[in-house]
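Just so you know, all these numbers are worked out from the coordinates, no wet-lab data involved. This is a predicted model, so every value here is computed, not measured. Methodologically, a virtual Cβ is constructed for each residue, glycine included, from the backbone with ideal geometry; neighbour enumeration extends over all protein chains shown.
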Amino acid sequence: MALFLFNKPFQVMCQFSPHPARTTLADYVDIPGVYPAGRLDADSEGLVLLTDDGKLQHRISHPDSKQPKTYIVQVEGVPDTGTLERLAAPLNLGDFVTQPCKVSAIEAPDWIWERDPPIRHRENKPTSWLAITLSEGKNRQVRRMTAAVGLPTLRLVRIAIGPFSLATHPLWPGETREVSPSELD
């Protein structure tokens, strides 16, 4: 049973099978028999766990396991206290209501890599950063949450899954590191 951390670059498909227009995990990871335990959409960056064990994959990615996932999100606009409280409380997104989560405004991270291509910059539109920790992870959930409160997502980076974090296991985009599955316990 193997477990790897991978820092997925922007615009990379979170799959090993070929894609007609984009690069995939196969362009970065040369480890036979592994597959992602959960996904990140192409527009998102950051931590993905890879494993060769189906039971471990299920344990990591199944909603019942409730592995918390932390994202740092650059948004257009500056949230007030009420907006942060709305994000943290159950939020009706139309097709589902989110579970409560942890949300805080943070300073722009000085450790984060430059994105290629960079996000759009507008002089008359301020941006800010949020840290959001979820125990669920529906398709494009964080982007939909920030849009629902009037803060469109400009950049989304997953920095932690359960006990694994890019803060404690630093990786540049495209890098992989093996970790012990026992760290999940």
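Quick look at the values:
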| item | result |
| --- | --- |
| Residue-count net charge about ILE31 - beta-carbon cut-off 15 Å; Lys, Arg +1, Asp, Glu -1 | -4 |
| The stretch 92-185: chymotrypsin sites (Phe, Trp or Tyr not before Pro) falling in loop per DSSP and having at most 15 other Cβ within 10 Å | PHE96, TRP111, TRP113 |
| Cleavage-rule hits (GluC sites (Glu not before Pro)) in the stretch 31-135: DSSP loop, at most 12 neighbouring Cβ within 10 angstrom | GLU107, GLU114, GLU123 |
| Signed unit charges on C-beta, dipole axis of the chain, positive-most listed residue VAL149, LEU130, HIS169 | VAL149 |
| Magnitude of the charge dipole, the chain, Cβ model with Lys/Arg +1 and Asp/Glu -1, debye to 20 | 520 |
| Likely footprinting exposure, THR98, THR168, fewest C-beta neighbours within 10 Å first | THR168, THR98 |
| FRET E, pair GLU114, ALA2, Förster distance 25 Å, beta-carbon r, rounded to 0.05 | 0.25 |
| In the chain, lysine pairs with alpha-carbon atoms under 21 angstrom apart (chain gap of 8 or more, or interchain) | 10 |
| Relative contact order %, the stretch 50-185, counting alpha carbon pairs below 8 Å whose residues are six or more apart | 36 |
| Longest exposed-site-free window of the chain, the sites being trypsin sites (Lys or Arg not before Pro) in a DSSP loop that have at most 16 other C-beta atoms within 10 Å | 67-114 |
| Intensity falloff of the chain expressed as log10 I(q)/I(0), Debye formula with alpha-carbon point scatterers, at q = 0.15 Å⁻¹ | -0.90 |
| Percent of alpha-carbon pairs separated by more than 17 Å within the stretch 22-74 | 43 |
| Distance histogram in 10 Å bins (all Cα pairs of the stretch 1-106, percent per bin) | 13, 35, 32, 18, 2 |
| Pair TRP172, VAL97: separation of 7 Å Cα→Cβ label points (nm) | 4.7 |
| Neighbour net charge for ASN139 - beta-carbon separation under 15 angstrom, K R +1, D E -1 | +3 |
| Per residue Cα convex hull volume in Å³ - calculated over the stretch 68-161 | 104 |
| Pairwise Cα inverse-distance average, inverted: Kirkwood Rh of the stretch 1-48 (Å) | 10.9 |
